[in-house]
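Encoded as structure tokens, the structure appears first; notes follow it.
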Amino acid sequence: MKILVTGGAGYIGSHTTLALLEAGFEVVVLDNLCNSSKIALTRVEQLTTSTLTFVEGDINDRALLDNVFAEHRIGAVMHFAGLKAVGESVVQPLMYYRNNVAGTLILCEAMAAAKVFKLVFSSSATVYGETNEMPLHEQLPTGSATNPYGQSKVMVERCLSDLGAADPRWSIALLRYFNPVGAHSSGLIGENPNGRPNNLLPYISQVAAGKLEELAVYGNDYPTTDGTGVRDYIHVVDLADGHLRALQAIESSHGVAAWNLGTGVGYSVLQIIEAFEKASGCKIPYRLFPRRDGDIAECRADSSKALRELGWQSTRGLAEMMMDTWRWTRQNPTGYS
Ligand code: NAD
Ligand code: UFG
């Protein structure tokens with residue numbers, strides 16, 4: 001089967017493209033490279049014996065999408081393309097809603113016109129917003145996301161749920177990622193943020209590589225083990241595997257379903273620093289700062305639904321996540337450039 005992977009040159013998309021090729025799927029990647037490099041795809045090909053088709057372009061370009069569907073017999077779409085910087089979304093909400101929400105609607109219209117009704121969508125644990133219940137399970141209400149990025153995921157989930165309810169031909173997986181980290185064990189592909197990183201692991205990596213001086217730890221007064229924020233970090237290769245399982249599930253079913261993809265285990269910022277230092281042998285200097293706006297104390301998945309229904313669970317632990325992150329950074333100190 002041929003899979004269209006939007007955003008396939010990006011961090012999670014490139015690891016999933018590799019997993020798809022390794023599983024014997026044909027892959028067409030559509031990416032406008034606004035936050036990625038084509039080199040990631042060359043590296044993906046280097047890691048397999050297969051080749052992929054790359055189309056440089058935008059999911060908002062309906063004519064281009066129609067051409068892609070006309071040229072290739074696409075069986076399903078994995079939709080990673082989107083903007084993901086929380087802070088930027090607060091400053092430029094329209095850009096986020098246009099790209100992430102309108103772009104997804106255009107993609108769905110083009111899919112329907114081409115009679116392709118299978119879709120795996122990159123959602124996020126951010127759709128749960130702030131809640132007292134932990135771990136987070138799929139039945140919890142969504143919709144209280146505190147920033148336009150999070151809201152764009154809530155809105156797309158809503159649109160896709162309505163679409164599935166209106167037309168039984170659709171089969172849609174909403175995959176709610178927790179905190180993806182790590183890199184392929186080859187060190188050839190990994191996360192390559194533009195500019196100063198927002199997320200914890202890319203920031204720590206750049207401190208370790210000597211590109212940034214010290215880490216700011218945002219808040220040590222949360223009701224957690226050591227006062228710093230707790231998250232459910234998941235290895236990106238496990239996450240990629242979850243996409244293949246979801247694809248398998250929607251091949252034989254109809255409707256819309258959400259699955260959490262996390263490990264169920266939470267680590268604090270200080271525990272992550274310690275684990276990274278152990279894996280890399282580098283000291284990570286850090287300083288305590290007040291809480292970051294919009295952050296929550298803890299975010300941890302109940303992924304039992306994914307185990308039950310997809311037969312998926314994460315297999316890579318914290319040490320492996322840290323070692324793989326560090327190998328990628330060490331081997332590619334300037335990312336793909
Ligand atoms: P990424 O930025 O590395 O990858 C996104 C890719 O989409 C990039 O290659 C970018 O160039 C491309 N893209 C963006 N807008 C496009 C458009 N209009 N047309 C075509 N291509 C476009 O991000 P990622 O971390 O790989 O995230 C992939 C998806 O997973 C995103 O939808 C993101 O919101 C979601 N997600 C990510 C995280 C995370 O922490 N990384 C967590 C939850 C959900
Ligand atoms: N943190 C720091 N210093 C930093 C960066 C982060 O102390 O420089 C802390 C944060 O306060 C938080 C933890 O590290 O406690 C993790 O922060 P990240 O920015 O790495 O991740 P978030 O949990 O804030 O958000 C990420 C993605 C969102 C996604 C969410 C859930 O950025 O897009 O996970 O999947 F929605």
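What to note about this one:
- Just checking the listed ones, A183, A297, A258: in the Gaussian network model of the chain with Cα springs under 10 Å, the one fluctuating most is A297.
- Its residue count N sets the reference 2.2 N^0.38 Å, and the alpha-carbon radius of gyration of segment 254-337 equals 1.41 times that reference.
- Gyration tensor verdict on segment 1-112 (Cα atoms; rounded if a/c is under 1.5, prolate if a/b is larger than b/c, oblate otherwise): oblate
- Couplings for segment 96-105, taken from phi via the Karplus curve 6.51 cos²θ - 1.76 cosθ + 1.60 with θ = phi - 60°, read 6, 5, 5, 5, 7, 8, 4, x, 5, 5 Hz in order; Gly and Pro are left as x.
- Applying a threshold of 27 Å to the alpha-carbon distances of K84/K305; K153/K283; K153/K278; K84/K278 flags K153/K283; K153/K278; K84/K278 as lying beyond it.
- Between the amide H of M78 and those of L4, V5, T6, V120, distances stay under 5 Å, these residues lying 5 or more places away or on another chain, with hydrogens modeled in the peptide plane.
- Computed over the chain, the per-residue total of -39500 (n - 2.57) for DSSP H runs of n ≥ 4 gives a 222 nm mean residue ellipticity of -11500 deg cm²/dmol, rounded to 500.
- Karplus-based coupling profile of segment 306-316, in residue order and whole Hz: 5, 5, 5, 9, 10, x, 10, 8, 6, 10, 9, with θ = phi - 60° in 6.51 cos²θ - 1.76 cosθ + 1.60 and x standing for Gly or Pro.
- Counting neighbouring beta carbons within 10 Å and listing from fewest to most, the residues L261, L47, L94, L65 come out as L94, L47, L65, L261.
- C-alpha long axis of helix 269-280 to longest principal axis of the chain, angle in °: 90
- The relative contact order of segment 246-337 comes to 41 percent, based on Cα pairs under 8 Å that sit 6 or more residues apart.
- Global form of segment 94-164, assessed from the alpha-carbon gyration tensor, a/c cut-off 1.5: oblate
- GNM top mover of V28, V156, V55 - the chain, alpha-carbon springs below 10 Å: V55
- Radius 12 Å from Cβ of V29, net charge of other residues (Lys, Arg +1; Asp, Glu -1): -2
- Sparsely packed trypsin sites (Lys or Arg not before Pro) within segment 242-337, loop by DSSP, other Cβ within 10 Å at most 12: K283
- GluC sites (Glu not before Pro) restricted to segment 147-225 and DSSP loop, no more than 15 other C-beta within 10 Å: E213, E214
- Residues whose amide H lies under 5 Å from that of Y286, counting only those 5 or more places away or on a different chain, are L215; hydrogens are built 1.01 Å from N in the peptide plane.
- Prolate/oblate/rounded call for segment 35-96, Cα gyration tensor, a/c under 1.5 rounded: oblate
- For segment 240-256, putting each phi into the Karplus relation 6.51 cos²θ - 1.76 cosθ + 1.60 with θ = phi - 60° gives couplings of 4, 4, x, 5, 5, 5, 5, 4, 4, 5, 7, 5, 10, 9, 10, x, 10 Hz, in residue order, rounded to whole numbers and with x for Gly and Pro.
- Residue among H137, H254, H72 with the largest mean-square fluctuation in a Gaussian network model of the chain, springs linking Cα atoms under 10 Å: H72
Readers should treat all values here as calculations from the given coordinates under stated rules, not as data from a laboratory. Because the structure is predicted, anything quoted here is derived from the model rather than measured. A quick note on method: Cβ atoms are made from the backbone with ideal geometry, for glycine too, and the neighbour counts reach across all protein chains shown.
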